[in-house]
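Visitor: The structure under discussion is supplied below as structure tokens; questions concerning it will follow.
The values are calculated or read from the model by the stated rules, or taken from the named source; none is laboratory data. Bear in mind that the values here come from a model prediction, so they are computed numbers and not experimental data. Glycine also receives a Cβ, built like all others from the backbone with ideal geometry; neighbour counts cover every protein chain displayed. Only protein heavy atoms, including side chains, enter the accessible area calculation; ligands, DNA and RNA are left aside. Shrake-Rupley method; radii C 1.70, N 1.55, O 1.52, S 1.80 Å.
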Amino acid sequence: MKTLPLNKRTTQFIIVLMFLLPILNYAQAYFQNNAVSIGLVNNTATGNNLGGVSFFDYDNDGWDDVTIACKGNDPVRFFKNNNGQLIEMFYGVNITGHSKQVIWVDYDNDGDNDLFVTRLDAINLLFQNDGNFNFTNVTEMAGFPPFTLLYTYGATFGDIDNDGDLDVFLSNKDVSGTVPNKLYQNNGDGTFSDISVASGISPIGHLTFCASFFDYDKDGYQDIYMSNDRFVNTNILYKNNGDGTFTDTSVVSGAGIAANAMSTTIDDFNDDGWLDIYITNTAEGNHLLKNNGDGTFDDIAIPSGLSFNSIGWGANFFDADNDMDLDLYVSSMIDNEASGLLTTAFYECQNDQTYQLSTTSGFDTDIYKSFANAIGDIDNDGYQDFVVANQAPANHSLWHNQGGSNNWLKVKLNGVQSNKNGIGSWIEVSVGGEVMYRYTICGEGFLGQNSATEIFGVGDATNIDYVKVNWLSGVEDIFTNVLPNQTLIIDEGETLSTSEETIKSIGIYPNPTSGIIKFNHVNSEYSVEVIDYLGRNILTRVISNSENTLDLSKEAKGIYFVTISNETSSITKKVVLH
């Protein structure tokens, strides 16, 4: 075969093509650290060691903003996203000291995001946002101890009693290991009550880095998983009993692993409808706890390829290339490639739901000492980006996803009966008969806060079968035949008929109860049937706006099911009698 000589232009083209081949071959999972060019500049003298980061749209303008923790005299820093460019903002809030978690949460359900900051060397702080970014320090007024040093690392918000108000769990880690964690219940009036002891939270210290609220057994109540430092402090899984108390199920569930545990990364990595747990660790190896759907977990980190075997900190599952499976990024404290330990890891999900460490996705320069990370979408292109908190003097990283040809759907929740941001909701998306699941969390991973907008990659699909949301209130919304490449903002109860919406807005209080229960939002007559846990009918009667009270005080303590119905609709609610 005769070959023709190459001219200069052809040679240059081949050289460029050879350079681009790795990018072209992996165009759907390629990242560039564009922190400085996008405007995330934080290389200060003190910076933060083990600091937190939020990638959350704090001003509700549709663009994910960045908030970073601080250390020493450097304040918490706010970077507003202005059409894909970050601009540092100053809101008259000067929070110094060694802050850890920076988390935005609408604790008072007024439609704007307030700021909660944990600090290792000072008291934790809650700032109320008046809607115009005028902040008031309401820490003491809200019921948090004004003088007690808790040595708090992580904070996570969830709704333990499904009353629509977000409660908070604080992960405390003092050097002596004696300060216990704290659970504060939201009273619904702008204040919180410490219910740690009454709820069954351990009264001793566990050197806890962080925790997450999630519903591991799908009983409709949010449970708590804690990530504890040192092998003598095994991780703890608390099952929510639905009556304001929790039971330690760490041993019986298999979730009570012993490790130098840092992260509590919650996701359904295999799309089976059950939430799994990924825990980072030191060189002994990370843990992937697969939820078996029967109240137990199996550690499959090694067979799945996700053991990591370095010094791991923050971790996040996300669909990097929008191909309908979840990939994984893990931050590492190692910055020396010669050590033989990973300086970072980006794992791509394979067809058999095992994971392959990628070396061609752009992370060859990711050799910083890194801790927290958080996912969001900096440019609203439907491809997931993420921010990584690096140890000073290195600048933080903003790994900008270079996108691809796959389609996507973004889902943002607006709670009505549930909490405003829909925390604790299940989002289910079906494409071509394949179902994907997401679960909304507020304060996740290691000191991270992810975007409130969930991104679903849908491959080359041009139509989405359905989008389903199961809210903590019990309301279910379903949308069918949804088009991709859009942001779907869902108001709770939006797809219900007038009759369904009316009946599902009926609430029962107090719950738990000592005997007397009342019904609110009753605008006509409804039939009420009370069933005990054995399926026996306890009573049947009719309620109305004027007759809206039931007396269960003569019944045995336990769980009862109250079915409210009319001619067209019905709803069943769980009531705890104590």
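Visitor: Out of T343, T365, T359, I need the residue that is touching a residue at least 12 places away in the same chain (Cβ under 8 Å) and over 16 Å from N34 (Cβ atoms). Which one?
Guide: Every option except T343 fails the conditions.
Visitor: Still on this structure: What are the residues in the stretch 120-144 that are open to solvent by less than 30 Å² (accessible area, probe 1.4 Å) and within 22 Å of the chain's Cα centre (by Cα), if any?
Guide: N124, L125, L126, F127, N129
Visitor: Any residue that is open to solvent by 30 Å² or more (accessible area, probe 1.4 Å) and at positive phi - is there at least one of those in the stretch 534-542?
Guide: Yes, there is a match, as at least one residue in the stretch 534-542 is open to solvent by 30 Å² or more (accessible area, probe 1.4 Å) and at positive phi.
Visitor: Which of the residues spanning the stretch 54-72 are among the polar types (S, T, N, Q) and open to solvent by 10 Å² or more (accessible area, probe 1.4 Å)?
Guide: Within the stretch 54-72, N60 is the sole residue that qualifies.
Matching residues to (1) within 22 Å of N523 (Cα to Cα); (2) in contact with a Phe, Trp or Tyr (Cβ under 7 Å, 6 or more places away or on another chain); (3) not hydroxyl-bearing (S, T, Y):
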position: L534; (1), (2), (3): no, no, yes
position: N537; (1), (2), (3): no, no, yes
position: R541; (1), (2), (3): yes, no, yes
position: N545; (1), (2), (3): yes, no, yes
position: L550; (1), (2), (3): yes, no, yes
position: Y560; (1), (2), (3): no, no, no
position: I564; (1), (2), (3): yes, yes, yes
position: T568; (1), (2), (3): yes, no, no
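Visitor: Something else: Please state which one of N481, N523 is outside any strand (DSSP E or B) and out of contact with any Cys (no Cβ under 9 Å at 6 or more places or on another chain).
Guide: Result of the check over N481, N523: N523.
Visitor: For F213, indicate whether it is at pLDDT 95 or above, out of contact with any Leu (no Cβ under 7 Å at 6 or more places or on another chain) and open to solvent by less than 20 Å² (accessible area, probe 1.4 Å).
Guide: Judged against the criteria, F213 is a match.
Visitor: Are any residues in the stretch 499-536 under 34 Å from the mean Cα position of the chain (by Cα) and among the hydroxyl-bearing types (S, T, Y), and if so, which ones?
Guide: If the condition is that a residue be under 34 Å from the mean Cα position of the chain (by Cα) and among the hydroxyl-bearing types (S, T, Y), then S499, T502, S505, Y509, T513, S514, Y533 are the ones that fit.
Visitor: I'm told D112 meets every condition in (1) buried (at least 19 other Cβ atoms within 10 Å of the Cβ); (2) within 19 Å of T453 (Cα to Cα) except one. Can you identify the failing condition by its number?
Guide: With (1) buried (at least 19 other Cβ atoms within 10 Å of the Cβ); (2) within 19 Å of T453 (Cα to Cα) applied to D112, the lone miss is (1).
Visitor: Return yes when K80 is open to solvent by 10 Å² or more (accessible area, probe 1.4 Å) and at pLDDT below 95 and no when it is not.
Guide: no
Visitor: Taking interchain pairs and intrachain pairs at least six residues apart, which have beta carbon atoms under 6 angstrom, with the first residue in the stretch 504-521 and in contact (Cβ under 8 Å) with a residue 24 or more places away in the chain and the second among the polar types (S, T, N, Q)?
Guide: Sorted first by the residue in the stretch 504-521, then by its partner, the pairs are G507/N520; G515/S553; K518/N548; K518/T549; F519/N548.
Visitor: Which of (1) among the small types (G, A, S); (2) surrounded by 16 or more Cβ atoms within 10 Å (Cβ to Cβ); (3) in a loop (DSSP other than H, G, I, E, B) is the odd one out, the single condition S176 does not satisfy?
Guide: Among (1) among the small types (G, A, S); (2) surrounded by 16 or more Cβ atoms within 10 Å (Cβ to Cβ); (3) in a loop (DSSP other than H, G, I, E, B), the lone unmet condition for S176 is (2).
Visitor: Exactly one of (1) farther than 30 Å from I427 by Cα; (2) β-branched (V, I, T); (3) assigned to a strand (DSSP E or B) is unmet by V411. Its number?
Guide: Only one criterion in (1) farther than 30 Å from I427 by Cα; (2) β-branched (V, I, T); (3) assigned to a strand (DSSP E or B) is unmet by V411, namely (1).
Visitor: What tally of residues in the stretch 557-570 results from selecting those that are open to solvent by 70 Å² or more (accessible area, probe 1.4 Å) and over 21 Å from V475 (Cα atoms)?
Guide: So the answer is 1.
Visitor: I would also like to ask the following. Looking for something farther than 23 Å from S54 by Cα, open to solvent by less than 20 Å² (accessible area, probe 1.4 Å) and under 21 Å from the mean Cα position of the chain (by Cα) - is there at least one such residue anywhere in the stretch 421-429?
Guide: Within the stretch 421-429, one or more residues are farther than 23 Å from S54 by Cα, open to solvent by less than 20 Å² (accessible area, probe 1.4 Å) and under 21 Å from the mean Cα position of the chain (by Cα).
Visitor: In the stretch 442-466, what residues are outside any strand (DSSP E or B) and either open to solvent by less than 10 Å² (accessible area, probe 1.4 Å) or touching a His at 6+ places or on another chain (Cβ under 8 Å) (or both)?
Guide: Those that are outside any strand (DSSP E or B) and either open to solvent by less than 10 Å² (accessible area, probe 1.4 Å) or touching a His at 6+ places or on another chain (Cβ under 8 Å) (or both): G443, F446, L447.
Visitor: Moving on. Using beta carbons and a limit of 8 Å, which pairs, at least six apart or on different chains, have the first residue in the stretch 155-166 and closer than 12 Å to I441 by Cβ and the second one open to solvent by 10 Å² or more (accessible area, probe 1.4 Å) and among the β-branched types (V, I, T)?
Guide: Sorted first by the residue in the stretch 155-166, then by its partner, the pairs are T156/I441; F157/I423; G158/I423; G158/I441; D159/I423; L166/I423.
Visitor: I've got another one for you. Within the stretch 334-342, is there a residue that is touching an Asp or Glu at 6+ places or on another chain (Cβ under 6 Å) and surrounded by fewer than 23 Cβ atoms within 10 Å (Cβ to Cβ)?
Guide: no
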